[in-house]
Amino acid sequence: MTTVNSEKLSSARFAEATDAFVEEFTASVNFDQRMAQQDIQGSLAHAAMLCKIGILTEQELADIRKGLAQIGGEIERGEFVWSVQQEDVHMNIEARLTDLIGIAGKKLHTGRSRNDQVATDIRLYLRDEIGNILGQLQRLQLALLDKAEQEADTIMPGFTHLQVAQPVTFGHHLMAWFEMLSRDRDRLLDCAKRLNVMPLGAAALAGTSYPIDRFMTAELLGFSRPSNNSLDSVSDRDFAIEFAAAGSVLMMHLSRFSEELVLWASAQFDFIDIPDAFCTGSSIMPQKKNPDVPELVRGKSGRVAGHLVSLLMLMKSQPLAYNKDNQEDKEPLFDTADTLINCLRAFADMVPHVKAKRENMYRSAQRGFATATDLADYLVRKGMAFRDAHEVVGQAVRLGLQSGRDLSELTLAELQGFSATIGAEVFDILTLEGSVAARSHIGGTAPATVRKAICEARQQITG
């Protein structure tokens, strides 16, 4: 067996050195070092509390603060030497602190365990990352509002089953995306409220006999309160699962946006132009312009959903309290946060430069009898039962199909052949403009309604 000599802070229990492969296999420092600043933040608050209750002297507190500031600087500058032998970010920082300031560094761990320390660091990390994600999400929402305002009058076909259904406007369609993102924003904010509870002080699993002031530490770290149960504090990761779930829904929405952009940019639809900066060419076909950013975002949605499943499976069979399994919570969380931020940034950068091909959208809306429902509604307003109106319009559509004409191109006499109640004014509601403008209720497609929704939405997200 190959072994290494190490001076682990927790090694006194063992008579043999750890196998070299096992040391590498069980270490987490290669990925959890990204929580270093949160770890330092938690240690500073813990040290201040220990000083208050008399565990540390004022001088020891000053030394700890100075040492942690130096370590933070070393990490930021890339000068810090990370050691697999010290297993994780927490032990690496503690070992370096002890090297710098001596016994005060060893006293810092009084009243806490790596179990509550890591649970605290993850919550601090996720709280920061949710803030970053919400910042990128707001950028995308504002870009959508700007684009929707520009395209509030741009008529395009609305689809169900990818078949032309009714005319809408491009602005109205963009506002549908905005609404999805608004719910994503609410989910993330709600998640942030639940994770903002401090586990520090739960120690390994049963709390500590020291007279710690958990309310003081929670206040210093910006938590809403300390957690209520020490077992639950160190062992559950439901807040992480909730974050991954919110992230999965957000990525699902971005994937749907991506699918529509990919379709609309195709020669078959030709509704939009995606800027060259967000596309690539083909290695063999010189005419190609591939919508790589939307395609890649669509693809990345799968990995985030996979991380959610991974975290669920990680937790589903764990007995209380902490188990080493929980080391596997970090990489899915880190990648979820990175993926969300990068995808939102890419979309926020791209959306302002997407160009609508308005004439093509309009021509497409003229196909597929998009005003058929408007004709049925017209007949209902004339006193006809809706099911009877539905039958009349179906007959008119059949004639249109047979003759290759839209409803607006049928003659008044032909329309009156299906119902004598139809008058010449019917052609006002059979236009695309008339159809869109008629739906002026809240949530409707009328350009004035869309602009009002944009104004209210802008106030909502900017305050």
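The values are calculated or read from the model by the stated rules, or taken from the named source; none is laboratory data. On a predicted model such as this, the values are computed, not experimentally measured, just so you know. Please note: Cβ atoms are built from the backbone with ideal geometry, for glycine as well, and neighbour counts cover all protein chains shown. For accessibility, only protein heavy atoms count, side chains too; no ligands or nucleic acids. Shrake-Rupley method; radii C 1.70, N 1.55, O 1.52, S 1.80 Å.
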Filtering segment 249-280 down to residues that are open to solvent by less than 50 Å² (accessible area, probe 1.4 Å) and farther than 24 Å from Glu359 by Cβ yields Val249, Leu250, Met251, His253, Leu254, Ser255, Ser258
Residue among Arg114, Arg65, Arg127, Arg96 that is in contact with a helix residue (DSSP H, G or I) (Cβ under 7 Å, 6 or more places away or on another chain), without any contact (Cβ under 8 Å) to a residue 24 or more places away in the chain and open to solvent by 50 Å² or more (accessible area, probe 1.4 Å)
Arg65
Residue hits (segment 55-65; within 22 Å of Met198 (Cα to Cα) and either out of contact with any Leu (no Cβ under 9 Å at 6 or more places or on another chain) or β-branched (Val, Ile, Thr) (or both)) are Ile55, Ile64
Out of all the residues in segment 205-241, which are small (Gly, Ala, Ser) and open to solvent by less than 40 Å² (accessible area, probe 1.4 Å)?
Gly207, Ala218, Ser227, Ser230, Ser233, Ser235, Ala240
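Which of the residues belonging to segment 388-419 are outside any helix (DSSP H, G or I) and under 20 Å from Leu432 (Cβ atoms)?
Gly404, Arg405, Asp406, Leu410, Thr411
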Does Gln33 fit the bill of being closer than 21 Å to Met198 by Cα and out of contact with any Cys (no Cβ under 8 Å at 6 or more places or on another chain)?
yes
For segment 143-171, how many residues are open to solvent by 50 Å² or more (accessible area, probe 1.4 Å) and closer than 25 Å to Asp349 by Cβ?
3
Scan segment 27-62 for residues that are under 21 Å from Arg114 (Cβ atoms), of a type in the set (A, V, I, L, M) and open to solvent by less than 20 Å² (accessible area, probe 1.4 Å) and jot them down.
Ala27, Val29, Met35, Ala36, Ile40, Ala45, Ala47, Ala48, Met49, Leu50, Leu56
Among residues of segment 315-329 being open to solvent by 10 Å² or more (accessible area, probe 1.4 Å) and part of a helix (DSSP H, G or I), the residue farthest from Ser230 (Cα to Cα) is Glu328
In segment 227-249, anything polar (S, T, N, Q), touching a Leu at 6+ places or on another chain (Cβ under 9 Å) and in a loop (DSSP other than H, G, I, E, B) is listed as Ser227
Which condition number does Cys191 fail, the rest of (1) open to solvent by 70 Å² or more (accessible area, probe 1.4 Å); (2) farther than 22 Å from Gly368 by Cβ; (3) not acidic (Asp, Glu) being met?
(1)
Evaluation of Leu56 against (1) at pLDDT 95 or above; (2) assigned to a loop (DSSP other than H, G, I, E, B); (3) within 30 Å of Asp213 (Cβ to Cβ); (4) out of contact with any helix residue (DSSP H, G or I) (no Cβ under 7 Å at 6 or more places or on another chain) (one fails), failing number
(4)
